[in-house]
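Nothing in this text is a laboratory measurement; each read-out follows from the coordinates by a stated rule. This is a predicted model, so every value here is computed, not measured. Glycine gets a Cβ as well: all are built from the backbone with ideal geometry, and neighbour counts include every protein chain shown.
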């Protein structure tokens, strides 16, 4: 690993940079900057040249058809309102479509994406033309189109394999994300009827969310606080209890290990939303748990599982334990068996008891191996939409509040966008979630042993 | 513990027996808690009394009608159709995302190229955004591509479930990392191309992770209900099972459909549970492979 790491700079050295092509390239190479592919065609790489040329033609056609219009609308996001126009001939009112800022924004961003992609193709076209020139000048063999295709199955296999997945990520993950981030800087919301036409407003939404004296701002800090508490408890308790359970099942003296594991793991096999919906219906005021407790006189009043703030918060954390511990159990069992037995034997000889071995050997080892997993879990919990949405729905909610007492940033984001149509504020919340997670992930990575000392336990 | 120390004569042995029984009792209680909700839903699915409000844990009388209703009463909530929709979507999603995930993880594990590190960093950063934040945007993109109406809805769902899966390469990459590189090198010396080493060396050695990937991607459409809800909206013809089950618990349906909801939940869980239990070993191997890498 180290060798490739230190040698990687040379390994990926750019032999035919665009800069060289501009300075040293001959007329044909320079012409390829305008008409892509000419350089390749001149050196008998006809197939490759035609592909480059086709890309250029397609791009220019696209820009003329809609691209230039899309880009020109991006700064204003449109201004024409939908109008009713009297049609004399048919003697009816007809609607003339106005601008739709949302679509203009989407098309504008998509056009920028297409343009960036085109610039990348353009760069490789120029490089390729220059390479053809240099190789031809040296009298070396130029790869034919057939050989280029063949290389896609060999040293360039990654280009072939990554093309579709990266395309998918670009269109359905990155493009939407950029689109949403852009939304955070607009006034796209139900407030003042900006659902069809909206404008750029700069950082106004961020100022609103971060402003303590504003209603939404206060809510933000309380939701953020609860999100962090929730994520820490959900991750930490899951890890600790899951590990203790795994150790207990793993003890030499425990009988029927497979049976116990089966009991716990069974809950993973039930789709999460199903088990969560079941839990919710069981814990309602008239649900089976309350009914039975009342019937046998154990309580006088139904327990407010989801109607009292503290109860609701504890309930979601406990139910999350039910959901999460089996996963930890699966994870940890394998690793437990990997801990070198000599460590335990040595501890035994030194007279350490079970608790000491746990804190001195098992826990540090687990933390070392599982830190990345824990960070993923933490991220997952901050973004744990399902558990909150399906169980408590964020309730209890105060009158007039946009977020309830158990709402996380993500469920609040959902409420703000889907229920309230405050798209801009929702987008800001999404960005803030990202910021929180990025900070936490960075701090934890830097302070863990696996980051400081990679060879620690190996 | 205190009990054990009160009998110092036989010392360690009694102490051991006591600890052991305590451990087993605690395990039994915990296992009971874990199995209880599942057991309860199975009971509910056979319950003859309607509605969600009951006063006894065990049903007063048992029936098969809840299951029958799911498959015969298709006027309001067409469960067989939802099941079929989800199944078809799951199969296509599974094929596409398995190919995507394996391709990306193989490249990240075995090939070295300029964009490798940047790609891995970008994937990590993208993972920190709430997945559903982009949902509204995805919906408008699908609309712009004319995929948000009518018979294109299932296609749109397949695309949504599978298009971005390439980001989730970490687990499979971790597994590939554990396969000795020497095998690849030997194959290349023997004149194999990269493609051949991938298909003939790496893939046959990676059964656990392939099964794991297939399983998780097959399960995605059954488990997700958020994207499905946003994309299908009110178009009941294209509902997936999860939306259907969610609907059954809504106020207007819950009295009539509660026990059938339980039956539906059991039916959805059975295939997934069987698949899961059969492949549990692979699941653990796959996940712990990721930790090693």
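Report note on the peptides B:106-116, A:189-199, A:338-348, B:128-138: ranked by the mean count of other C-beta atoms within 10 Å, highest first, their order is B:128-138, B:106-116, A:189-199, A:338-348. Between the range A:184-212 and the range A:32-107, what is the separation of their alpha carbon centroids in Å? Rounded to whole Å, the Cα centres lie 28 Å apart. Across the protein assembly as shown, the volume of the C-alpha convex hull divided among the residues equals 227 Å³ per residue. Helix A:157-169 axis versus longest C-alpha principal axis of chain A: approximately 70°, rounded to the nearest ten. Counting, for every residue in A:429-441, the Cβ atoms of other protein chains within 10 Å of its Cβ and taking the mean gives 3.
Here each label is just a point 7 Å from Cα along the line to Cβ, and for residue A:299 and residue A:214 those points are 4.0 nm apart.
When only Cα pairs below 8 angstrom with a gap of at least 6 residues are kept, the range A:204-452 shows a relative contact order of 24 percent.
Across the range A:204-452, Cα-Cα pairs more than 31 Å apart make up 37 percent of the total. Here the simple spin-label model places points 7 Å from the Cα toward Cβ, and for residue A:119 and residue B:115 these points are separated by 1.6 nm. If you model the range A:203-330 as an ellipsoid using its alpha carbon gyration tensor, with each semi-axis the square root of five times an eigenvalue, the axes come out at 34, 24, 13 Å, biggest first.
Ranked from largest, the principal axis spans of the Cα set of the range B:57-130 equal 66, 30, 22 Å.
Counting Cβ atoms of other protein chains within 10 Å of each Cβ in A:254-267 and taking the mean gives 4.
The share of Cα pairs per 5 Å bin across the range B:2-67, counted from zero up to the longest distance, runs 3, 15, 16, 12, 9, 8, 7, 7, 7, 7, 6, 2, 0 percent.
Relative contact order, whole percent, for the range B:2-67 stands at 21, derived from Cα pairs under 8 Å and 6 or more residues apart. Gain on full extension, evaluated as 0.36 nm per residue between residue B:74 and residue B:275 minus their Cα-Cα distance, stands at 69.6 nm.
For helix A:272-282, what angle does its Cα long axis make with the longest principal axis of chain A, in degrees from 0 to 90 and rounded to 10? The answer is roughly 40 degrees. Sorted on the mean count of surrounding Cβ atoms within 10 Å across their residues, most packed first, peptides A:31-38, B:249-256, A:324-331 read A:324-331, A:31-38, B:249-256.
For the range A:277-347 and the range B:110-145, what is the separation of their Cα centres, given in Å? Centre-to-centre distance over Cα atoms comes out at 34 Å.
Extending 7 Å from the Cα toward the beta-carbon at both residue A:307 and residue A:88 defines two label points whose distance is 6.7 nm.
Taken over the Cα atoms of the range A:351-434, the convex hull encloses 120 Å³ per residue.
At a Förster distance of 22 Å, what's the computed FRET efficiency of residue A:354 paired with residue B:13, Cβ-Cβ distance as r, to 0.05? About 0.80, to the nearest 0.05. Please report, to two decimal places, log10 I(q)/I(0) for the range A:16-151 at q = 0.10, 0.12, 0.18 Å⁻¹ as given by the Debye formula with identical point scatterers on the Cα atoms and no solvent. At q = 0.10, 0.12, 0.18 Å⁻¹ the computed log10 ratios are -0.50, -0.62, -0.97. Residue by residue along B:36-49, Cβ atoms of other protein chains within 10 Å of the local Cβ number 3 on average.
For chain B, the Kirkwood hydrodynamic radius comes to 22.9 Å, computed from all pairs of different C-alpha atoms.
Relative to the dominant Cα principal axis of chain A, helix A:101-137 is inclined by about 60°.
Taking each DSSP H run with n ≥ 4 as -39500 (n - 2.57) and averaging over every residue of the protein assembly as shown yields -21000 deg cm²/dmol at 222 nm. As a length-normalised measure over Cα pairs under 8 Å and 6 or more apart, the relative contact order of the range B:89-214 settles at 42 percent.
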